[in-house]
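One structure below.
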C-alpha cells in the first residue's frame, strides 16, 4: 500500500499491529502438483498457472543508492492487468505459549481455497511460524502455485516506532532475516524467494542500508485489504476491489485467530478481479516484467 517512504501503515489495522501484530499464517497440506486450468474472466478456462521459477531465475531489483536494499511496492501501471495477492504469515517469537494453549496461527482453509481457485500467491512467512508449522510450511513451499518469502524470524520492528512492536536489537537485522531463511531450510521449504517484507512495513533509509548484506528485495504493497481483525468479509473485499490497479501488490493475512474473514473475502475478490480482466500472479511474476 502507498506509504510514506519510511513507513507503510496498515491503514485499517493500525490498532491491530499495536496489539502485538498477531497476524498469522497460512497452512495446508495437499500434495503439490501442477495446478489445473483456472476460470477465465469470460467463464471459460485459461491456461494453467505457470510453474514456479527456479531460484536462479527469480527476478530481483538492483541495489539502491550506496548499495541499499531495493524496495518494490507495485508493478507497471501501463502494462498487462496483473495483480499479486500476498499473505503475511505472521507469528512473533514470543507467541509459542499461546500456540501451546490452542490458539491457531495457521489457516489451512484459506490455502485450500487458493488452491481450489487456482490462485498463485506469495506467502511472506516468519521463521517462527515455519518452526511452529513445519509440515504446512513445507507443503506451501512445494506447491507450484506459491512462493515463500521472508517476513523476518521474530516479527519484531526493524525501526521504531512501529505500532507497538518490540524492536529487533540494534545491529541484528541481517541476523534476524538469515535466521528465518535457516528456519525455512530446516523445515524443508522449497521455492524460497529472496524477497523480504518488513514487519508492520516499518523501515527507513538507515535500515535499508543495514540490511544490504542480506541481498534481498524488500517488498511492500500498494493495496491494503484491511482484513486484520475484520469482523465481516464484505468490507475487506470492497476495500481491495476499490484500490486495485494494474501491477498492484495486495497485502492480506492468513490466520484463524487474527484475520478470520480473509478466506471469505478471497472468495469474493478473486472472481471479481478475473471478471474485470485481471490475471492473478506472484510477486516474482510482477518483478519479471520489464
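General observations
- Taken together, the criteria place residue 193 among residues that are buried (at least 23 other Cβ atoms within 10 Å of the Cβ), touching a helix residue (DSSP H, G or I) at 6+ places or on another chain (Cβ under 8 Å) and in a strand (DSSP E or B).
- A single entry from 256, 276, 289 fulfils the requirement of being farther than 30 Å from residue 99 by Cα and at pLDDT below 95: 289.
- Considered as a group, the residues in the range 95-127 that are assigned to a loop (DSSP other than H, G, I, E, B) and without any contact (Cβ under 8 Å) to a residue 24 or more places away in the chain include one that is nearest to residue 248 (Cα to Cα), and that residue is 102.
- For the range 140-155, the set of residues classified as touching a residue at least 60 places away in the same chain (Cβ under 8 Å), in contact with a helix residue (DSSP H, G or I) (Cβ under 9 Å, 6 or more places away or on another chain) and either surrounded by fewer than 24 Cβ atoms within 10 Å (Cβ to Cβ) or not in a helix (DSSP H, G or I) (or both) consists of 143, 145, 146, 147, 149, 150, 151, 153, 154, 155, listed by residue number.
- Index of the failed condition, residue 200 passing every other in (1) part of a helix (DSSP H, G or I); (2) in contact (Cβ under 8 Å) with a residue 40 or more places away in the chain; (3) at negative phi: (3)
- Scanning the range 51-65 for residues that are surrounded by fewer than 15 Cβ atoms within 10 Å (Cβ to Cβ) and at pLDDT below 95 returns 51, 54, 55, 56, 57, 65.
- Selection within the range 236-277 - in contact with a strand residue (DSSP E or B) (Cβ under 9 Å, 6 or more places away or on another chain), assigned to a loop (DSSP other than H, G, I, E, B) and surrounded by 24 or more Cβ atoms within 10 Å (Cβ to Cβ): 248, 254
- Residue match in the range 91-102 (condition: modelled with pLDDT under 90, touching a strand residue (DSSP E or B) at 6+ places or on another chain (Cβ under 9 Å), closer than 24 Å to residue 167 by Cα and buried (at least 19 other Cβ atoms within 10 Å of the Cβ)): yes
- Scanning the range 196-206 for residues being surrounded by fewer than 20 Cβ atoms within 10 Å (Cβ to Cβ) and in contact with a helix residue (DSSP H, G or I) (Cβ under 9 Å, 6 or more places away or on another chain) gives a total of 1.
- Counted residues, the range 166-188 - those being surrounded by fewer than 22 Cβ atoms within 10 Å (Cβ to Cβ) and assigned to a loop (DSSP other than H, G, I, E, B): 6
The values are calculated or read from the model by the stated rules, or taken from the named source; none is laboratory data. Since this is a predicted model, take the numbers as computed values, not measurements. Note: ideal-geometry Cβ built from the backbone for every residue, glycine included; neighbour counts use all protein chains shown.
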